[in-house]
């Protein structure tokens, strides 16, 4: 009935072995999890655990060595790079660690970029884009170039750039890693607010336990290489969650301790 | 569903022909194609415009056997080298001298940059007027062409020197000369060598071209003289010699650079 | 102690009267150069070294009579057409080859060879083929510019951040859209650099071909001037050529600044090499 939107089964990945050398180690092996529609799933893992690789495989920009990925019940092409469709025909959005804004476009042109590419540019979509721009506090900065924006502003622009074309699933790869603590809290607030408006399905990867608990409905813990899902935690803390007073919310400390013990 | 074992075979399977082989074969094929094209060109357009490859080869052998090619090569290299040395010395010295005085630097900078725009070859007829047909006009042109390369590079290098190092040296009492020699020269090294690497082939090139206009000897002269006599084979042969010469000089310089800088972790390459 | 501070500061903060003093200095240098020039022509005689005044007045005379414009026009025309013929394929080729690194590898030694070889040495060959008209100059300009622009563009295409391409692919961009919207804009600075460096060479190539054999153009004016012991004409033509080279550079820089407003100002371009 409530079939998972995205399912990963026994996913495995290792990088191609050079001829005549030892087979390279498995980065990911036997990784299985599922995501329901409208769920905010966070995945915690130490750096180097293959988090980005996992997301790359789901987004179809990297091929898997073994295993399956199912989207809305149907398997998507793996292992054969010709059959891969990056972004799964725009059903999977991907917010990467680097903001990857096009430096020669203004903020608003960057946000409109996916609509342009997809041929969806019209008054309605432009208005939607402007609404997102206002929602994350970038109003007035539409004509600025990326190098004129602060790190946090660029992150926001990258974020709404993915939101603007409404992919059902959004992958996020430590998007708030490289900013200072204040900005990060602000971005987390913005993200939660936007998510509440749209209830998208989000798979959010991070190394920060607090962030994982704060944002997610469910948090999965990734083991070290060869990575698999080590544990699953349902975050029982009710929504809406207050970012600023989060650390003192009831229930937070226990979940945090539980997870921390596993990650270490 | 791909199992782990299938995945292993999938990944481990090497392509039948390695990429390297394809590239080498491709290059060989292209080279052969070019020669065939050359031959075809000669047959289509006639030997006035297109010398036959075999004729060119024969002429090259003749020139080698008779020693003529060496006479010309020597003439070209002689002038190129002297011009290269003069141009480099001037191009390196001037920034160092200017370093002492910001005032002088600003005063003459626009003129040096302005003079860079003069097409040096255009000076050739006037130089011939003065010095006649001999080494001097070529020498002047080569020197002028070479000069700007180290000048711009060394200048930029000096400006790029970490000013904190210079300040430190001054504070501990180093004289200006000492600062020039130690701090600046060392920071400069990569820029300096890069500019040398560019300048030497450029000098040879410039000399060859200069010889078109003013000369009785040298590789460039051979080409132009052949053209005047409608000796197409000679033109082709001369171009082959000229190209080989410059590419060889290029190659030698690159080889020396690789040897000298083998220990360097980073490459600071300035384009052109 | 105070001496040390004085020298350090001199490097850092310019004193208030600086601007005027620099202009004055430069003017002074100009005067000195002209004075030396004048003295030189008085010592050596006008046949060997024309005077500053004669050069200037002839320059304007030839300008207003239209003769200078006519010959400059030929040289510019040759350079421009040659730049288009050589430059356009040089820009397009890296984009076409982008999808096939094997082809790029195969071509590489030929391109490097072409780049390193003295293209100007082909001038007599082109004159042999095309005669003393426009075509021989255009051919040489095209040859010179092609390799320079090819390598600049190739660098730009290669240096492209793969993550930008990936991002656009995830959003559903087609190959064509990738080329147009991502790769080309990213390579534009390099393309400009290629032209910025190559155009002076191109103009020089046109002039040199004119010097060898032509019946019009600035190089022709220089050659004829020298033959007639008319050093004034030589200087006027050389001056005109220099002005053109600088004007072209100015134009390219200006266009670049306009198109590349999005660049953070820390990216400076250094040009080396003479003309």
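The values are calculated or read from the model by the stated rules, or taken from the named source; none is laboratory data. What you see is a predicted model, and the numbers here were worked out from it, not measured in a lab. As a convention, Cβ positions derive from the backbone with ideal geometry for all residues, glycine included, and neighbour counts pool all protein chains shown.
Numbers at a glance
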quantity: Residue B:42 being within 14 Å of chain C (Cβ to nearest Cβ), surrounded by 11 or more Cβ atoms within 10 Å (Cβ to Cβ) and closer than 30 Å to residue B:216 by Cα; calculated: yes
quantity: Residue B:206 being part of a helix (DSSP H, G or I), more than 16 Å from residue B:80 (Cα to Cα), at pLDDT 90 or above and more than 8 Å from chain C (Cβ to nearest Cβ); calculated: no
quantity: Condition met for residue A:151 (away from chain C (no Cβ under 13 Å) and modelled with pLDDT under 90); calculated: yes
quantity: When residues of the stretch A:64-78 are limited to those that are part of a loop (DSSP other than H, G, I, E, B) and surrounded by fewer than 18 Cβ atoms within 10 Å (Cβ to Cβ), the one modelled with the highest pLDDT; calculated: A:72
quantity: Extreme residue, nearest to the other protein chains (Cβ to nearest Cβ), among residues of the stretch C:198-222 that are surrounded by 24 or more Cβ atoms within 10 Å (Cβ to Cβ) and part of a loop (DSSP other than H, G, I, E, B); calculated: C:217
quantity: Yes/no for residue C:64 being at pLDDT 90 or above and either under 24 Å from residue C:209 (Cβ atoms) or in contact with a helix residue (DSSP H, G or I) (Cβ under 8 Å, 6 or more places away or on another chain) (or both); calculated: no
quantity: Among residues of the stretch B:113-127, those that are more than 8 Å from chain C (Cβ to nearest Cβ) and either within 14 Å of residue C:234 (Cβ to Cβ) or crowded, with 24+ Cβ neighbours inside 10 Å (or both), counted; calculated: 1
quantity: Criterion violated by residue C:251 - all others in (1) without any contact (Cβ under 8 Å) to a residue 60 or more places away in the chain; (2) within 8 Å of another protein chain (Cβ to nearest Cβ) satisfied; calculated: (2)
quantity: Lone qualifier among B:165, B:188 - being buried (at least 18 other Cβ atoms within 10 Å of the Cβ), more than 11 Å from chain C (Cβ to nearest Cβ) and without any contact (Cβ under 8 Å) to a residue 60 or more places away in the chain; calculated: B:188
quantity: Hits in the stretch A:27-63 - residues which are assigned to a loop (DSSP other than H, G, I, E, B), without any contact (Cβ under 8 Å) to a residue 60 or more places away in the chain and farther than 12 Å from residue A:13 by Cα; calculated: A:60, A:61
quantity: Residue in the stretch A:122-137 that is assigned to a helix (DSSP H, G or I), under 19 Å from residue A:5 (Cα atoms) and either out of contact with any helix residue (DSSP H, G or I) (no Cβ under 8 Å at 6 or more places or on another chain) or within 11 Å of chain C (Cβ to nearest Cβ) (or both) present; calculated: no
quantity: Subset of the stretch A:212-225 (residues that are touching a helix residue (DSSP H, G or I) at 6+ places or on another chain (Cβ under 7 Å) and in contact (Cβ under 8 Å) with a residue 40 or more places away in the chain); calculated: A:213, A:215, A:219, A:221, A:222
quantity: Selection from the stretch B:128-143 of residues that are at pLDDT 90 or above, within 11 Å of chain C (Cβ to nearest Cβ) and surrounded by fewer than 24 Cβ atoms within 10 Å (Cβ to Cβ); calculated: B:143
quantity: Selected residue (only one of C:132, C:191, C:183 is surrounded by fewer than 23 Cβ atoms within 10 Å (Cβ to Cβ), over 24 Å from the mean Cα position of the chain (by Cα) and touching a residue at least 40 places away in the same chain (Cβ under 8 Å)); calculated: C:183
quantity: Condition check for residue C:225: touching a residue at least 40 places away in the same chain (Cβ under 8 Å) and crowded, with 20+ Cβ neighbours inside 10 Å; calculated: no
quantity: Qualifying residue in the stretch C:157-167 (condition: touching a residue at least 40 places away in the same chain (Cβ under 8 Å) and more than 14 Å from chain B (Cβ to nearest Cβ)); calculated: yes
quantity: Residue B:110 loosely packed, with under 15 Cβ neighbours inside 10 Å and within 30 Å of residue C:237 (Cα to Cα); calculated: yes
quantity: Hits in the stretch B:45-57 (condition: touching a helix residue (DSSP H, G or I) at 6+ places or on another chain (Cβ under 8 Å) and surrounded by 12 or more Cβ atoms within 10 Å (Cβ to Cβ)); calculated: B:47, B:49, B:50, B:51, B:52, B:53, B:55, B:56
quantity: Filtered residues of the stretch B:155-178 (kept if within 15 Å of residue B:93 (Cα to Cα) and in contact with a helix residue (DSSP H, G or I) (Cβ under 6 Å, 6 or more places away or on another chain)); calculated: B:155, B:157, B:158
quantity: One residue from B:252, B:223 being modelled with pLDDT of 85 or more and crowded, with 24+ Cβ neighbours inside 10 Å; calculated: B:223
quantity: Hits in the stretch A:247-264 (condition: free of Cβ contacts under 8 Å to residues at least 40 places away in the same chain and either exposed (fewer than 15 other Cβ atoms within 10 Å of the Cβ) or farther than 12 Å from residue A:212 by Cα (or both)); calculated: A:247, A:248, A:249, A:250, A:251, A:253, A:254, A:257, A:258, A:261, A:264
quantity: Selection from the stretch C:107-120 of residues that are within 7 Å of chain B (Cβ to nearest Cβ) and surrounded by 22 or more Cβ atoms within 10 Å (Cβ to Cβ); calculated: C:117, C:118, C:120
